[in-house]
Amino acid sequence: MSADQISTVPNVLTEESEDEINLGEILATLLEYKWLIATVTFLSTLLGVAWLFIATPTYQANALLQWDDKMVGGGGLGALKDMSALLGGDATATAGQIEILNARMILGRVVDKLKLDIQATPKYFPLIGKALARRYDGKDIAQPVLGFSSYAWGGERIKVETLEVPKALVDAQISLVAGKGGHYQVFDEDDKMLLEGQVGQPAVKREMKLFVSQLIARPGTQFTLVKQLQQAVIDDMQDKGGYSVKERGKQSGIIEVTLKHSDAALLAVILDEIINGYVRQNVEYHTVEAERTLKFLDTQLPGLKTQMENADSAFKQYRQSKGSADLALETQGVLTSIVDVDKQTVLLQQQRDELRQQFTSEHPRMQAMDSQIARLKAKRAQLDGSVARLPAEQQAALRLQRDLELATKLYTELLNNAQQLRVSKAGAVGEARIIDAAAVASRPVSPKGPLILAVSLFLGLLLSVFVIWVIRSLRVMVEDPDKIEKQIGLPVYATIPHSNTEVTLARDIKTGKKKGELLAIDYPEDDAVESLRSLRTTIHFALLDADKGSLLITGPSPDIGKSFISKNLGAVLAQSGKRVAIVDADLRKGHIHREFGMQREIGVSEYVSGTASLGEIVKPTTVPGLSVVTTGQRPPNPSELLMHAHFGELLEQLGDLFDILIVDAPPILAVSDAAIIGRHTGATLMVARAGKHPVREIEQAVKRLNQAGVQVKGFVFNDMDTTRQRYRYGYHGYVYSYSYKEK
């Protein structure tokens, strides 16, 4: 004998508004589809890893320049440093230099010198070919994979010095096929041969010219050649190549130049050529400016020298005729002011004449200079008024001495400037200098491995959640037995929790590892068995008002566990002292005989057809008080066989022999057998499986039975995952524990 020690935890079911976000529902759904989430996330991460393997790494290099016009000692207008404030010039003008670094004047020369408008690359196998070739480190050319010898697999090299094509082939891909002994052929996109050539020799045909200086490849290997426009290369460099120029710090004069490229070695060469070209053009600009200014000064110096000699001669003659011509202290001050004003006026006028070669009179620098000249003339008019009040003799002496000093200062000033320009021209010094040459980062800047993996992982999770949402939207299944009671209007007599033990047991019986084992007999402590015990009590009250002691068990669709309910419920009822018989009326796919270790033959089919007696088809089981009637041979017409009068007689005779008769019928929505059987039974129970049916399907099943005159007493909600429901609804269900002691 055994004693049950049963402990229960009451059901806690909380109802929440449908408009509220149920975090438990979300968590339960994620747990339900955890393997789907894991699979989608794994595949997404795997794609991220594949992308990292396939993607071409991009390297970045940067260089630093300094631009400062104070580094130039003389040259052009810069030679007159004392007048720079009058010209309204900017001390740094870094923004202008940034534009120069972005101009075709610099980048175009780099493209032409390094032949960046000629693209010559091996043709790789799609997706993985370039990645495999990039990782090949052998000395010889890699062997083709799977016989694809026309593709490059590693070690192939080509160098094209000259490529001239007709306008129709500009930016078009042409194919070069390597031959034997350095021979090659060139084809257009339509596989039309354009020309043939030999490595190291120019190949010319009509408007096309090609010179290949190096070609290392297997015969038959294809290369892709593209001749681009200079502007197209510059646009790609600025847009896709990450070429950028910016100032470090406001008005610092420090310019940072950055460039990205997949070839680290070529990247350094390109960036060095850019900054060196910029410095060269800066020096060339000042050399040309110095030459132009020097030429202008050379035309002015002879005239100033003559003026100085004439003024000196006139002043000497005046002193000889008048004797001493010393000026008073006050008059000497006026003379100094007049000389300074006239000197500035003459210098500004000379600079204006030079600037007129570059700018119009409406230019801001020209207008600023005209304004300065006008102010100097106004000041000179004031000084002339002071001179007019002096005696005539003093005025004459002041005028002659002023002319001499002005001519001498102007001549000396321009002569010094000319000497400075000659020195500046010889030294070729500009405002720009290189601080840091091009330096390439040791690691590629893209793709960023950790970022790619993190994004792919996140996208995998996001995609899996989206897939779950789609699945849930398309398949609105009943997960809560309370939903059946509310929408169908029928009671749920029992909720059977999911049993991992039953899953294992059913698999072993199906594969033949075990025979004749029942969950209710061999594992009575399972929670599902105790739920069936509660159903046993409910069935007693359900059959009180029935005219027959038979119970029909069916369901809306297959694979819902109705046979599991039938056989284990029968065992539980038999354990309570009842005489129970289970009739497998699923003449199409019935399999209850397997669970009891019996043969299908000699059952319902044989009795109805009259080939077997009642005593032959009733088979006892190892469970005391429990008998089974198998399906017998599968008939060609199951429905017609069940409609036979002998089947009704069978159920009546079994009802007289047993206290409770359990009839396991096929699903009602699949076939009409359950509706036929239901007329001969006292009560009908519908089995619904958690997560298996939409509400509409359950409603249709009940309606189908009602139309046949069979009233459904209630439902058995099978295979409910209480762990999932605990998160979803705060549902804990009933938990039972047993201990058996032999006496």
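Readers should treat all values here as calculations from the given coordinates under stated rules, not as data from a laboratory. Note that this is a predicted model, so its numbers are computed, not measured. Note that each Cβ is placed from the backbone with ideal geometry, even for glycine, and that neighbours are counted across all protein chains shown.
The slack in the chain from E616 to W469, taken as 0.36 nm per residue of separation less the alpha-carbon distance, amounts to 47.5 nm. Look at where the Cα atoms of segment 441-504 and of segment 606-681 average out, and the two centres are 42 Å apart. In this simple spin-label model, placing a label point 7 Å from the Cα along the Cα-to-Cβ direction at both Q358 and T511 gives a separation of 9.2 nm.
Relative to the Cα centre, the charge distribution of segment 481-729, modelled as +1 at Lys and Arg Cβ and -1 at Asp and Glu Cβ, gives a dipole magnitude of about 640 debye.
Between S150 and S609, the contour length at 0.36 nm per residue exceeds the Cα-Cα span by 157.7 nm. As a rough footprinting exposure proxy, the listed residues H693, H644 were ranked by other beta carbons within 10 Å of their own, and the order from fewest upward is H644, H693.
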